[in-house]
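Take this structure, written in structure tokens, and hold onto it; I'll ask about it next.
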Ligand code: ATR
């Protein structure tokens with residue numbers, strides 16, 4: 001059977017197999033999608049082994065940069081991001097790399113949550129691997145400004161420079177920011193440790209500002225709780241982004257469109273009880 005995996009370490013709790021199985025069921029596609037735990041120091045041989053037979057893979061933490069360097073073909077957005085979350089086997093046996101994280105984020109905000117990005121002041125927290133893939137798709141929405149704020153300011157400055165030709169992008173430290181913005185996206189890994197990036201609550205204009213955490217969990221993340229407590233108009237987690245980036249991959253691999261809404265609501269229900 002046509003075989004797909006998600007690579008990660010850890011990867012056991014990944015929701016990607018459940019998402020792709022539901023897409024397969026919905027579209028009547030016969031395929032197998034499972035997790036593949038790659039050793040931290042052995043991603044390359046694990047990936048090359050899988051692709052002797054396998055057709056496609058998603059890539060999650062911490063392998064997105066290593067996956068990038070395996071590709072013989074890269075989409076322009078993956079090239080610029082320097083990281084891929086999706087690998088596809090080419091007819092010549094080489095690998096094509098793409099980065100669908102940003103499209104997933106934009107779709108979840110614009111289509112699912114009905115949030116307009118055009119003309120808005122967007123603040124992006126973090127400057128690591130999770131941010132690289134989302135800057136270009138966010139700038140394509142023509143925001144008024146996109147500020148990348150990071151604990152280590154130099155990393156935010158490097159990213160702002162790298163994407164400067166695509167739109168109004170600037171770098172900042174967390175404590176330089178006070179004025180309210182329209183949208184705050186948390187792409188730091190602070191939530192993993194139950195932490196919050198140290199930003200002022202004055203950045204939230206109650207009833208106006210939309211807050212989005214690229215992380216998700218059974219319970220609201222610390223950032224989502226902080227946003228709700230300070231009156232954010234919406235406080236969203238990253239589960240929708242995960243489902244939307246998966247839809248992008250599924251459609252590319254199988255050549256069929258999927259309806260993400262029923263998949264999202266079913267898995268959210270299962271997460272709440274599970
Ligand atoms: P990922 O691939 O998930 O982005 P990463 O490349 O290690 O992981 O990046 C983690 C990001 O979260 C970085 O922007 C990091 O800030 P630094 O560049 O200053 O290290 C940020 N981060 C992690 N823990 C944080 C915390 N407790 N508060 C604020 N930022 C944090």
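Every read-out reported here was derived from the displayed coordinates using simple, explicitly stated rules and does not represent laboratory data. No experiment lies behind these values; they were computed from the predicted model shown. Neighbour counts run over all protein chains shown; Cβ positions are idealised from the backbone, glycine included.
Using Cβ contacts closer than 10 Å as the measure, can you line up 84, 208, 115, 153 from fewest to most?
208, 153, 115, 84
Could you work out which residue, out of 186, 112, 58, moves most in a Gaussian network model of the chain, that is, has the largest mean-square fluctuation with Cα springs under 10 Å?
Result: 112 has the largest fluctuation of those listed.
Please give the length that would be gained between residue 53 and residue 266 if that part of the chain were fully extended, namely 0.36 nm times their separation in residues minus their C-alpha to C-alpha distance (nm, one decimal).
Working it through step by step, the gained length comes to 73.6 nm.
Let me ask something else. Once you order the gyration tensor axes a ≥ b ≥ c over the Cα atoms, which shape class does the stretch 121-208 get: rounded for a/c under 1.5, otherwise prolate or oblate by comparing a/b with b/c? Don't jump to the answer; show the numbers that get you there.
Details: a/c = 1.60, a/b = 1.16, b/c = 1.37.
Note, shape of the stretch 121-208 comes out oblate.
With the chain treated as a Gaussian network of Cα nodes joined by springs under 10 Å, which of 257, 81, 247 yields the largest mean-square fluctuation?
Per the Cα network of the chain with a 10 Å cutoff, 257 tops the list.
Sum -39500 (n - 2.57) across every DSSP H segment of at least 4 residues in the chain, then divide by the residue count to get the 222 nm mean residue ellipticity, nearest 500.
On the way: 11 runs with 96 residues, N = 274.
Per the formula, -10000 deg cm²/dmol.
I've got another one for you. Test of understanding: what is the full-extension gain from residue 92 to residue 178, defined as 0.36 nm times their sequence separation minus their Cα-Cα distance?
Taking 0.36 nm per residue and subtracting the Cα distance, the gain is 25.7 nm.
Something else now. Rg(Cα) of the stretch 2-99 divided by 2.2 N^0.38 Å?
Details: Rg = 12.8 Å, N = 98, 2.2 N^0.38 = 12.6 Å.
Normalised Rg, Cα atoms only: 1.02.
Need one word for the stretch 171-274: rounded, prolate or oblate. Basis is the Cα gyration tensor (sqrt eigenvalues a ≥ b ≥ c); a/c below 1.5 gives rounded, then a/b vs b/c decides.
prolate
In addition: Please report the antiparallel percentage of DSSP beta bridges with both residues in the chain, rounded to the nearest 5.
Expressed as a percentage, antiparallel bridges in the chain total about 20.
Rounded, prolate or oblate for the chain? Axes are the square roots of the Cα gyration tensor eigenvalues, ordered a ≥ b ≥ c, and the cut-off for rounded is a/c under 1.5.
Because a/c hits 1.5 or more and a/b exceeds b/c, the chain counts as prolate.
In addition: What ranking of 13, 20, 230 emerges when the number of other C-beta atoms within 10 Å of each C-beta is taken as an exposure proxy, fewest first? Mind showing how you got there, number by number?
Numbers: 13 8, 20 28, 230 17.
Lowest to highest Cβ neighbour count: 13, 230, 20.
Compute the distance in nm between two label points, each set 7 Å from the Cα along the Cα-to-Cβ direction, one at residue 202 and one at residue 29.
Spacing of the two 7 Å Cα→Cβ label points: 4.9 nm.
Ok, one more. Rounded to the nearest 0.05, what FRET efficiency do residue 111 and residue 273 have when you use their Cβ-Cβ distance and R0 = 41 Å? Working shown, then result.
Working: r = 26 Å, r/R0 = 0.64.
According to the calculation, E is roughly 0.95.
With the crude spin-label approximation of a point 7 Å out along Cα→Cβ, what separation in nm comes out for residue 259 versus residue 193?
The modelled label-to-label distance comes out at 4.4 nm.
Shifting gears a bit: Roughly what % antiparallel, to the nearest 5, for the DSSP beta bridges in the stretch 36-188?
Working: 7 of 22 bridges.
So the antiparallel bridges amount to about 30 percent of the total.
As a footprinting exposure proxy, order 215, 241, 86, 271 by other Cβ within 10 Å, with the fewest listed first.
If I rank by nearby Cβ atoms, fewest first, I get 271, 215, 86, 241.
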